[in-house]
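Heads up: the structure comes next, in structure tokens.
The values are calculated or read from the model by the stated rules, or taken from the named source; none is laboratory data. Keep in mind the model is a prediction, meaning the values are calculated, not measured. Every residue, glycine as well, gets a Cβ built from its backbone with ideal geometry; the counts of neighbours run over all protein chains shown.
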Amino acid sequence: MEKKGILVVVSGFSGSGKGTVMKELISRYDNYALSISATTRSPREGEEHGREYFFKTREEFEKMIAEDALIEYACYVNNYYGTPRDYVEEQLGLGRDVILEIEIQGALQIKKRYPDTLLLFISPPDAQTLKNRLVGRGTESMDVIESRLSRAVEEAEGIENYDYFIINDDLNACVEEVNELIRGEHRRVSRSLELINEIRADLKKFQ
Ligand code: ADP
Ligand code: 5GP
């Protein structure tokens, strides 16, 4: 019955664990498609072009903007990040729920452009846990960590733009909660009009 895919935005402070939650979610359930963003930031150790991101030069990225190849883009801590259009449109058309793991400026562009998007915000249980996770990940210098923590203060002001606020304390619980929220979204009346009309027509046989 779930023919049409839902566009799902997942945001959260850097280090909140949203990447880990999304990887686990897509490994457990096969109805999700995780969009791979383009970015001008350098790959971290272990990251691969075409798997975590499409790593681009600034010129290449600006060309994608000019060609309208991105459905949203933003500048985050001195780098561009954006969502390629083709994959999202193709996967939604195939009925899969497409997840965009993006920051808040991009989330607001998506909400404006596609108002029936489901917007989820993932947070650590507290600020110290956020810092510990960022430091523990070991992928950024202390300078970059400080910039990301200060960005988190600004991002926290925008949480009211989202539909659901989810704490990532226990990883397993968080993954299941995200899955349930998306499944629940499919049950929304406004997304089930086709089915509702079929049942209405079917009921008429009793008249
Ligand atoms: P983000 O994508 O939000 O920047 P990551 O997924 O890279 O964050 O997670 C940041 C760090 O926190 C990683 O080292 C990850 O292993 C760890 N982490 C993620 N979720 C949890 C959790 N529920 N409990 C403990 N550590 C976590
Ligand atoms: P990171 O450098 O840690 O991978 O990502 C930094 C931030 O950029 C994160 O908040 C991440 O969600 C966000 N981000 C990743 N891809 C995109 C994208 O395509 N568009 C936007 N707007 N933000 C993105």
**Asked** Which residue pairs have Cβ atoms under 6 Å apart, sit 6 or more places apart or on different chains, and have a first residue in segment 116-133 that is touching a residue at least 40 places away in the same chain (Cβ under 8 Å) and part of a helix (DSSP H, G or I) and a second that is surrounded by 18 or more Cβ atoms within 10 Å (Cβ to Cβ) and not polar (S, T, N, Q)?
**Response** 130/13; 130/15; 130/124; 133/15
**Prompt:** Is there any pair linking a residue in segment 169-180 that is part of a loop (DSSP other than H, G, I, E, B) to one that is within 16 Å of ligand 2 (Cβ to nearest atom) and at pLDDT 95 or above, with Cβ under 9 Å and at least six apart or on different chains, and which?
**Reply:** 169/124
**Prompt:** Name the pairs: first residue in segment 149-163 and in a helix (DSSP H, G or I), second residue surrounded by 14 or more Cβ atoms within 10 Å (Cβ to Cβ) and among the β-branched types (Val, Ile, Thr), Cβ to Cβ under 8 Å, at least 6 apart or on different chains?
**Reply:** 151/77; 155/104; 161/104
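Out of segment 134-148, which residues are among the aliphatic types (A, V, I, L, M) and outside any helix (DSSP H, G or I)? Spell out how you get there, then give the answer.
The first filter runs over segment 134-148 and keeps only residues among the aliphatic types (A, V, I, L, M), leaving 134-135, 142, 144-145.
Within segment 134-148, no residue meets the criteria.
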**Index of the failed condition, residue 175 passing every other in (1) modelled with pLDDT of 95 or more; (2) surrounded by 15 or more Cβ atoms within 10 Å (Cβ to Cβ); (3) over 20 Å from residue 29 (Cβ atoms)** = (3)
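Just the residues that are more than 14 Å from ligand 2 (Cβ to nearest atom) and in contact (Cβ under 8 Å) with a residue 24 or more places away in the chain, please, taken from segment 66-91.
Going residue by residue through segment 66-91, those that are more than 14 Å from ligand 2 (Cβ to nearest atom) are 66-68, 89-91.
Of everything in segment 66-91, just one residue is more than 14 Å from ligand 2 (Cβ to nearest atom) and in contact (Cβ under 8 Å) with a residue 24 or more places away in the chain, namely 91.
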**Request:** Just name the residue that is nearest to ligand 1 (Cβ to nearest atom) out of those in segment 6-31 that are touching a strand residue (DSSP E or B) at 6+ places or on another chain (Cβ under 8 Å) and over 24 Å from residue 159 (Cα atoms).
**Result:** 26
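Rundown of residues vs (1) touching a residue at least 24 places away in the same chain (Cβ under 8 Å); (2) near ligand 2 (Cβ under 10 Å from one of its atoms), yes/no style:
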{"site": "7", "(1), (2)": "yes, no"}
{"site": "14", "(1), (2)": "yes, yes"}
{"site": "20", "(1), (2)": "yes, no"}
{"site": "24", "(1), (2)": "yes, no"}
{"site": "35", "(1), (2)": "yes, yes"}
{"site": "40", "(1), (2)": "yes, no"}
{"site": "48", "(1), (2)": "no, no"}
{"site": "59", "(1), (2)": "no, no"}
{"site": "64", "(1), (2)": "yes, no"}
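Can you tell which of 138, 158 is at pLDDT below 95 and farther than 18 Å from residue 36 by Cα?
Working: 158 fails: at pLDDT below 95.
Within the list 138, 158, the selection yields 138.
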**Fill in**
Within segment 32-42, of all residues that are closer than 18 Å to residue 185 by Cβ and not hydrophobic (A, V, I, L, M, F, W, C), the one farthest from ligand 1 (Cβ to nearest atom) is 32
